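What follows is a set of notes on a single structure, which appears directly below.
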Amino acid sequence: MKVYSVKEAYVTLQGEGAQTGRAAVFLRFAGCNLWTGLEPDRPSAVCKFCDTDFVGTDGPQGGKFKGPDALARHVHNVWTAGAPEGGRPYVICTGGEPLLQLDEPAIAALKALSFEVGVETNGTISAPRGLDWICVSPKANAALKQVIGDELKLVYPQDEDTAQPNKFEQLQFRHFFLQPKDDTSATRNIAAAAAYCMKHPQWRLSLQTHKLIGLP
């Protein structure tokens, strides 16, 4: 039976993109295919700017879950402990790279408990069937396999030519967002992303509002 490795799981508000402000369980799977998560490996990683800890299963309400039903029950318990009332329960599967682990049986088990299921992926792995929301965040020099979805969210700027906004404008997504890179040049990155969206209105600006208001 498949074992799912989860770094952490918690209830918060989605802080980015088209679902900003919506309460959800953030289910962070351990592991990524573009970086080990270990600082000594960052210079040689495909994705060098990640600021997320996705190594291991030692985060809040993380762990290893044997089978899709055990995973879904854990997500349900996290949701109910957070005490949201009304509306359809929502879980955002993220990482690292969640599609290394998230599969159709896990999606079906979550939906059996009435969850709407979204994913935030780097797009290098094709998404399984049954997802309600697909957000793809392309990374420079990583081949994109998931080219259809609800939302394309590009961290901006990325230095390499392979991750410029015009490379993605013809893909089949309903929403296109530029998200300023959160690094030592964050103020300059916000201004650059805003200027790009002003000139190219297919794109909308996405800010990490959860960080602005102090949520995880």
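The values are calculated or read from the model by the stated rules, or taken from the named source; none is laboratory data. A quick note: this is a predicted structure, and the numbers were derived from the prediction, not measured. Every residue, glycine among them, receives a Cβ derived from its backbone with ideal geometry; neighbour counts consider all protein chains shown.
For the reader, a short list of remarks on this structure follows.
- Selected residue (criterion: nearest to the chain's Cα centre (by Cα)) from residues of segment 170-216 that are assigned to a helix (DSSP H, G or I), at pLDDT below 95 and hydrophobic (A, V, I, L, M, F, W, C): LEU212
- Qualifying residue in segment 18-34 (condition: over 21 Å from LEU144 (Cβ atoms), of a type in the set (Phe, Trp, Tyr) and either without any contact (Cβ under 8 Å) to a residue 24 or more places away in the chain or touching a helix residue (DSSP H, G or I) at 6+ places or on another chain (Cβ under 6 Å) (or both)): no
- Flag for GLU151 being assigned to a strand (DSSP E or B), in contact (Cβ under 8 Å) with a residue 24 or more places away in the chain, charged (D, E, K, R) and in contact with a Pro (Cβ under 8 Å, 6 or more places away or on another chain): no
- Failed criterion for GLN158 (all others in (1) at pLDDT 95 or above; (2) farther than 29 Å from VAL78 by Cα; (3) not in a strand (DSSP E or B) hold): (1)
- Residue in segment 3-11 that is in a helix (DSSP H, G or I) and either free of Cβ contacts under 8 Å to residues at least 60 places away in the same chain or crowded, with 19+ Cβ neighbours inside 10 Å (or both) present: no
- In segment 139-169, the residue that is nearest to LEU34 (Cα to Cα) out of those that are within 15 Å of the chain's Cα centre (by Cα) and acidic (Asp, Glu) is GLU151.
- Residue satisfying all of: in segment 36-91; in contact with a Gly (Cβ under 9 Å, 6 or more places away or on another chain) and on the phi > 0 side of the Ramachandran plot; surrounded by the most Cβ atoms within 10 Å (Cβ to Cβ) among these: GLY37
- Pairing each residue of segment 156-177 that is under 17 Å from ALA18 (Cα atoms) with any residue that is surrounded by 11 or more Cβ atoms within 10 Å (Cβ to Cβ) and among the basic types (Lys, Arg), provided the two are 6+ apart or on different chains, yields C-beta distances under 6 Å for PHE177/LYS153; PHE177/ARG204.
- Among the criteria (1) β-branched (Val, Ile, Thr); (2) closer than 20 Å to VAL155 by Cβ; (3) exposed (fewer than 15 other Cβ atoms within 10 Å of the Cβ), the one THR94 does not fulfil is (3).
- Residues being of a type in the set (A, V, I, L, M, F, W, C) and buried (at least 20 other Cβ atoms within 10 Å of the Cβ) - total across segment 141-162: 3
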